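Derivation of every value follows stated rules applied to the coordinates shown; laboratory data play no part. No experiment lies behind these values; they were computed from the predicted model shown.
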Amino acid sequence: MKQIHSSSNKELADYCHYFRGSCFREKKLFKEAIFELNSVSKNFKYYPLISKDLGETTLELKEFKKAIHYFEAVEKLPITNNQGYKISIIYENLGICYLHINQFKEAEKYFFKSLTFQKNEKDSVSLIGLYMDIANLYYLQYKDQLAIPYFEKAYFLSKQIKDFDTKRRSAKNMAVVEENRGKFKQALAYRKESEQWNDSLNNQNKVWALADYEKKYAVAQKQKQISVLKVENKLKDTQRNTMFFSTLGLLLLLVGGVYVYAQKVKNAKIILTQKEKLDELNATKDQLFSIVSHDLRSSVNALKTSNTKLTTSLETKNYSELDQLLHQNSAIANGAYSLLDNLLHWALLQTKQLYFSKDSVHLYSIVQQIEYNYKPLLLDKSIAFENAVSKNSFIFVDLDSLKIVLRNLLDNAIKFSPENSKISFYTVDTNTNFCQLVIQDSGLGMNQNTINELLEDNELLAKKSNSEIIGTGLGMQLCKQMIKKNGGTLTIESELNNGTKMILSFPKTEQNG
């Protein structure tokens with residue numbers, strides 16, 4: 001603004017208005033962006049870009065007829081190689097505008113114009129979006145037979161790209177298609193695939209709500225069983241009383257007494273067994289609340305303290321401390337989320353409601369996904385990550401539980417590794433029916449007593465010598481149980497101040513020979 005008001009150079013003012021308009025668009029301040037872009041003169045060297053940006057901005061504001069006006073102005077210009085935009089995107093945006101105002105013929109015309117160009121541009125992500133637009137165009141007109149092939153094209157093309165959000169949307173669209181066709185089994189498979197691409201973005205509140213629901217459901221089921229047993233016991237008491245009063249002699253009274261005693265013992269054992277199960281379930285619930293009250297309260301208190309400092313830093317404009325506090329808040333939130341995620345899966349394991357489906361898994365690809373999820377934490381501590389897993393390694397396990405195990409072990413490795421160190425994932429050829437995966441770090445390490453305690457099959461949340469509850473031990477317990485359910489084994493090699501090796505063995509698939 002200072003440059004605009006202090007200079008009489010019109011070209012320089014046009015550049016300033018253009019840059020301000022672009023900045024407002026990035027900030028989602030669309031009305032301010034329109035004002036700045038309209039302030040650019042029509043003699044501006046890059047005026048076609050102004051029309052394009054005005055079209056995209058009015059499209060964001062759902063002013064579709066205005067957007068059409070701007071895009072058609074760009075469409076009429078001669079196609080050159082240096083105009084800074086793709087004519088295929090202009091056509092696609094015109095199709096979207098006409099689709100929103102229900103002019104389906106015009107929308108179809110522009111979508112297929114865009115398709116002609118995009119097939120030669122080799123931009124798979126844009127092409128997938130166009131396929132979805134065409135499919136939605138036909139779906140709105142109830143032309144399912146025309147729409148479905150384009151949903152399928154988008155889905156199969158998404159297999160070739162690395163954009164997880166595009167993969168998720170393509171799989172979700174296929175789930176809706178199969179549901180509408182009544183093929184619910186295929187729809188479920190697509191929905192599961194869609195959820196897998198959305199795996200690392202779960203909402204913490206939803207995770208906790210689901211865990212709480214699962215606990216309440218399990219308790220309700222047990223209470224329902226006890227109620228049924230009480231009704232059965234009352235019925236049996238009535239039967240015993242009838243037999244007792246029908247006896248005619250001392251011998252029958254004696255036999256009746258023995259029978260009554262035997263039934264009472266039997267019922268007492270049943271009730272005792274059910275009570276023990278209910279007590280165990282209540283103990284599980286108490287443990288969960290204990291962890292939440294201990295670990296989450298600490299995390300929330302730390303966040304409160306950090307936010308107080310954050311407010312002070314904002315007021316004093318201490319940007320160095322502000323950056324440090326923001327990183328600290330992120331670490332606290334990540335720790336709380338990891339705890340809630342482990343609590344959910346542990347609760348499902350304890351109540352035997354966790355679904356296991358073993359299949360052939362490409363180990364190298366899974367390690368790549370885990371590395372992608374933890375890239376910010378690795379970069380924050382400047383830790384190098386090496387994926388030396390054999391690309392020929394296929395193991396027969398449940399995919400979801402394998403990801404949980406690898407995420408927990410990598411999280412621990414990052415937590416206990418110094419800055420500028422290295423974490424490696426690699427496989428060892430054992431010439432057996434098992435694939436051996438090693439996770440090696442150069443962190444704090446452990447002594448043999450600590451290793452033995454970690455590998456023991458202790459009860460969850462056992463007490464340490466200092467009588468403090470092990471909140472973070474939940475992840476390790478979860479890993480051991482899931483490795484065992486997948487038919488695998490875990491061993492640990494470590495020395496104090498000399499790093500740790502977590503050695504996992506899983507059954508190979510037939511592809512490994």
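A few comments on the model shown:
- Per-residue ³J(HN,Hα) for the range 127-132, Karplus 6.51 cos²θ - 1.76 cosθ + 1.60, θ = phi - 60°, Hz, x for Gly and Pro: 5, 5, x, 5, 4, 5
- In Hz, Karplus ³J(HN,Hα) per residue of the range 51-58 (6.51, -1.76, 1.60; θ = phi - 60°; x = Gly, Pro): 4, 4, 5, 5, x, 5, 5, 5
- Out-of-range pairs (alpha-carbon distance over 30 Å; input Lys86/Lys172; Lys167/Lys508; Lys45/Lys317): Lys45/Lys317
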